[in-house]
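Laboratory data are not the source of any read-out in this text; all were calculated from the coordinates shown. Bear in mind that the values here come from a model prediction, so they are computed numbers and not experimental data. As a convention, Cβ positions derive from the backbone with ideal geometry for all residues, glycine included, and neighbour counts pool all protein chains shown.
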Amino acid sequence: MRRELWDALAPLRQRHEKLPVKWVRPENIHLSLKFLGEVEETREQELRAALQHAAGSRSEPRPLTLQITGFGVFPDYHRPHVLWAGITPEPGLELLQHEVEQAFAPLGFPTEARAFRPHVTLGRAARDARPRDFTGLEEVLAGTDFDATVTVAEVDLMQSTLQKDGPVYQVRYHERLS
């Protein structure tokens with residue numbers, strides 16, 4: 001799925017090479033349920049327990065089938081910060097994300113104030129990007145077809161280490177959904 005998403009946007013990256021976007025490498029494409037920020041390694045056991053609780057508290061712990069379709073940006077096309085692929089609303093995913101929020105809140109990670117908008121981040125605009133740099137992006141993305149289904153059988157507790165070439169991710173723990 002990661003490679004398919006990367007390939008779907010190849011024409012955009014090639015035709016608009018000067019687009020001020022830092023693209024997410026295919027191996028780093030993922031869906032975030034909650035961003036924790038800087039966390040001491042000594043807290044790993046309690047984070048694992050929280051994730052285990054969240055994944056196990058679903059009434060029917062089974063894999064989720066997600067439909068990834070369409071592209072867009074946050075917050076808007078005039079001044080985009082994030083370029084994403086959308087995920088069709090799925091009650092099981094929304095429940096899982098809610099359970100993750102609830103399991104991590106007592107550990108000092110506040111619940112997100114914004115509504116959960118499931119998406120896969122594909123790129124981030126450069127800090128010095130100007131609105132005119134993105135002229136025509138909305139039309140290009142609207143004309144780029146993508147529609148695929150993926151089965152998610154586990155959730156991971158990830159560690160992100162920032163490097164000059166982009167983040168390096170490491171799975172610290174995973175919990176099966178089935």
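Of (1) outside any helix (DSSP H, G or I); (2) under 24 Å from VAL100 (Cα atoms); (3) more than 19 Å from the chain's Cα centre (by Cα), LYS18 satisfies all except one. Which?
(2)
So is ALA113 surrounded by fewer than 13 Cβ atoms within 10 Å (Cβ to Cβ) and hydrophobic (A, V, I, L, M, F, W, C) or not?
Criteria met by ALA113.
Somewhere in region 57-66, is a residue touching a residue at least 12 places away in the same chain (Cβ under 8 Å), crowded, with 18+ Cβ neighbours inside 10 Å and not in a helix (DSSP H, G or I)?
Scanning region 57-66 turns up at least one residue that is touching a residue at least 12 places away in the same chain (Cβ under 8 Å), crowded, with 18+ Cβ neighbours inside 10 Å and not in a helix (DSSP H, G or I).
Can you name every residue in region 82-105 that is without any contact (Cβ under 8 Å) to a residue 40 or more places away in the chain and over 18 Å from the mean Cα position of the chain (by Cα)?
Matches in region 82-105: ALA105 only.
Check off (1) under 28 Å from GLU99 (Cα atoms); (2) out of contact with any Pro (no Cβ under 7 Å at 6 or more places or on another chain); (3) among the small types (Gly, Ala, Ser); (4) surrounded by 11 or more Cβ atoms within 10 Å (Cβ to Cβ) for ALA142 and give me the number that stays unchecked.
(1)
Please return the ranges of strands (runs of 3 or more DSSP E) entirely within region 96-175 where 1 or more residues are farther than 17 Å from LEU31 by Cβ and touching a Lys or Arg at 6+ places or on another chain (Cβ under 9 Å).
Here the list reads 119-125.
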